[in-house]
Amino acid sequence: MSELRIAAVAMIFAGLSARCDAAVFCLSDSASIADALVQAQGNGEDDELRIRVGTYAPPGASGAFYFAEIGHSISIEGGFQTPAGGDACSQHSDDASLTVIDGGGTKALLRIDSAPGSGAIAVRKLTFRAGHAVGISAALELLGAGANTVTLENAVVQANVGEFFQSTYYVPAVWLAGEQGGIVLRNVLFADNDAPAGVWPILVTHQQNAGPGVVFNNVTVSGNGVVSGNPGVEFDVEGSLSVANSIFWGNAGTDLAIVQNNGTVVLDHNDIGLRAGTAPDSETGTLTVAPAFASATNFCLSANSPLRDAGNSDADGGVGIADVTGAPRIAFAAVDVGACEVPDDTLFRDGFD
């Protein structure tokens, strides 16, 4: 993933910087990330965790980085740099591949729980790789409560594994959950995630027929569930579900499953292989074509992909500014389908901007 974007951001002091409305952390090792989450949990403020470019292992024998959100919001974002002679975390990139949380195949990666009345949860510009569910916790678990919104944006979630715990609990590799608040995913790649037979690789649940529901835009879901045999992703939602510009292709079982009890399902300009479950209330521009990925291990589109310019640039919930690699989200006439945009090679690329 080659596109890095340079942006001058407001001065952030090393460690904790107090502001009137938020606590900001600039973090460069696993211990400081874990400590910042502890501080954020108890400081009663909105919190921003800004993680420098690098690879990080979760703490302890089994992980994961953990945070219980009560009464305020948290943002966890990768891609930051501290230039020589510059301010801490004063440059950043939108490329999710530059900042990696790696479980080494044995550790859970990140778990965020929240209580009713908490603020928004946002996780951006990170790669979650080689995690493993531990006990009843998924390798990656973001759980909203009450009316708060859970956002996962510009992220790679790859090669994580779920668990059938004590022959009782079906623990997915990835679990995203909400109640009255929304769940928003934009520009995310889910690839090569798995679980034991019968367990979901990726599960998205929404418990209330109220609020903004689930938005799933410009997401690529491929190569999941080889052992599990379950769908590449399953939505089990009570409220509304809007899926746009996304690829569901090349998973071992069904590519997309929707279990919808109330609300509406809208499918807008997606590429869908095999599907199961609830029929949509509205469906526009669906394709069923091989995406023509760049390679067997690179889930960005090749230059001759039929999904170039095949999306809806005005999809409900938006398409974002940058794709998962940090490239501009719309390069030509319309947004591409999936997490990656085929780049306009006439643009100058120089790293951070």
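The values are calculated or read from the model by the stated rules, or taken from the named source; none is laboratory data. What you see is a predicted model, and the numbers here were worked out from it, not measured in a lab. Cβ coordinates were reconstructed from backbone atoms using ideal geometry, including for glycine residues, and neighbour counts include every protein chain displayed.
If I filter the stretch 182-193 down to residues being buried (at least 24 other Cβ atoms within 10 Å of the Cβ) and touching a Pro at 6+ places or on another chain (Cβ under 9 Å), which single residue comes out as nearest to GLY144 (Cα to Cα)?
Checked the stretch 182-193; the qualifying residue nearest to GLY144 (Cα to Cα) is ILE183.
Quick check on my filter: what residues within the stretch 160-181 are within 14 Å of the chain's Cα centre (by Cα) and either crowded, with 21+ Cβ neighbours inside 10 Å or not in a strand (DSSP E or B) (or both)? Can you show your working first?
So the first thing to find is which residues in the stretch 160-181 are within 14 Å of the chain's Cα centre (by Cα), and the list is 160, 173-177.
Those that are within 14 Å of the chain's Cα centre (by Cα) and either crowded, with 21+ Cβ neighbours inside 10 Å or not in a strand (DSSP E or B) (or both): ASN160, ALA173, VAL174, TRP175, LEU176.
Exactly one of these conditions fails for ALA147: (1) modelled with pLDDT of 95 or more; (2) aliphatic (A, V, I, L, M); (3) under 15 Å from GLY181 (Cα atoms). Give me its number.
ALA147 satisfies all of (1) modelled with pLDDT of 95 or more; (2) aliphatic (A, V, I, L, M); (3) under 15 Å from GLY181 (Cα atoms) except (1).
Taking the conditions exactly as written (in a loop (DSSP other than H, G, I, E, B), surrounded by 15 or more Cβ atoms within 10 Å (Cβ to Cβ) and more than 22 Å from the chain's Cα centre (by Cα)), does ALA252 satisfy them or not? Outline the logic, then answer.
Working: in a loop (DSSP other than H, G, I, E, B): yes; surrounded by 15 or more Cβ atoms within 10 Å (Cβ to Cβ): yes; more than 22 Å from the chain's Cα centre (by Cα): no.
Spelling it out, it is not the case that ALA252 is in a loop (DSSP other than H, G, I, E, B), surrounded by 15 or more Cβ atoms within 10 Å (Cβ to Cβ) and more than 22 Å from the chain's Cα centre (by Cα).
Restricting to the stretch 291-340, and then to whatever is touching a Pro at 6+ places or on another chain (Cβ under 7 Å) and within 17 Å of ASN270 (Cα to Cα), can you tell me which residue is surrounded by the most Cβ atoms within 10 Å (Cβ to Cβ)? Steps first, please.
Restricting attention to the stretch 291-340, the residues satisfying the condition of being touching a Pro at 6+ places or on another chain (Cβ under 7 Å) are 292, 301, 305, 307, 322, 327, 331, 338.
From the residues that got through so far, the ones that are within 17 Å of ASN270 (Cα to Cα) too are 292, 301, 305, 307, 338.
Working: ALA292: 13, LEU301: 24, SER305: 23, LEU307: 26, GLY338: 32.
That would be GLY338.
Select, from THR297, THR286, the only residue that is in contact with a His (Cβ under 8 Å, 6 or more places away or on another chain) and without any contact (Cβ under 8 Å) to a residue 24 or more places away in the chain.
THR286
Sort out which residues of the stretch 265-288 are surrounded by 15 or more Cβ atoms within 10 Å (Cβ to Cβ) and out of contact with any Leu (no Cβ under 6 Å at 6 or more places or on another chain), and write them in order of number. So that I can check it myself, show each step before the final result.
First, the residues of the stretch 265-288 that are surrounded by 15 or more Cβ atoms within 10 Å (Cβ to Cβ): 265-275, 277-278, 280, 283, 285, 287.
Hits for the stretch 265-288 are VAL266, LEU267, ASP268, HIS269, ASN270, GLY273, LEU274, GLY277, THR278, GLY285, LEU287.
When LEU307 is evaluated against the numbered criteria (1) under 21 Å from GLY225 (Cα atoms); (2) part of a loop (DSSP other than H, G, I, E, B), which criterion, by number, is the only one it fails?
It fails just one condition, (1).
Can you give me the number of residues within the stretch 91-127 that are hydroxyl-bearing (Ser, Thr, Tyr), modelled with pLDDT of 95 or more and in a strand (DSSP E or B)?
Qualifying residue count, the stretch 91-127: 2.
Within the stretch 54-75, count every residue that is buried (at least 19 other Cβ atoms within 10 Å of the Cβ) and in contact with a Phe, Trp or Tyr (Cβ under 8 Å, 6 or more places away or on another chain).
Total meeting the criteria: 2.
Criterion first (β-branched (Val, Ile, Thr) and surrounded by fewer than 21 Cβ atoms within 10 Å (Cβ to Cβ)) does VAL243 satisfy it?
On the way: β-branched (Val, Ile, Thr): yes; surrounded by fewer than 21 Cβ atoms within 10 Å (Cβ to Cβ): no.
So VAL243 does not fit the description; no.
Those residues that are within 19 Å of VAL174 (Cα to Cα) and over 18 Å from the mean Cα position of the chain (by Cα), I need them from the stretch 73-104; list them, please.
GLY104, the sole residue that qualifies.
Please enumerate the residues belonging to the stretch 158-181 that are at pLDDT 90 or above and β-branched (Val, Ile, Thr).
Scanning the stretch 158-181 gives VAL161, VAL171, VAL174.
Quick grid of which residues meet (1) in a loop (DSSP other than H, G, I, E, B); (2) out of contact with any His (no Cβ under 9 Å at 6 or more places or on another chain):
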{"residue": "ALA40", "(1), (2)": "no, no"}
{"residue": "ARG50", "(1), (2)": "no, no"}
{"residue": "THR55", "(1), (2)": "no, yes"}
{"residue": "GLY60", "(1), (2)": "yes, yes"}
{"residue": "TYR66", "(1), (2)": "no, yes"}
{"residue": "GLY71", "(1), (2)": "yes, yes"}
{"residue": "GLY78", "(1), (2)": "no, no"}
{"residue": "PRO83", "(1), (2)": "yes, yes"}
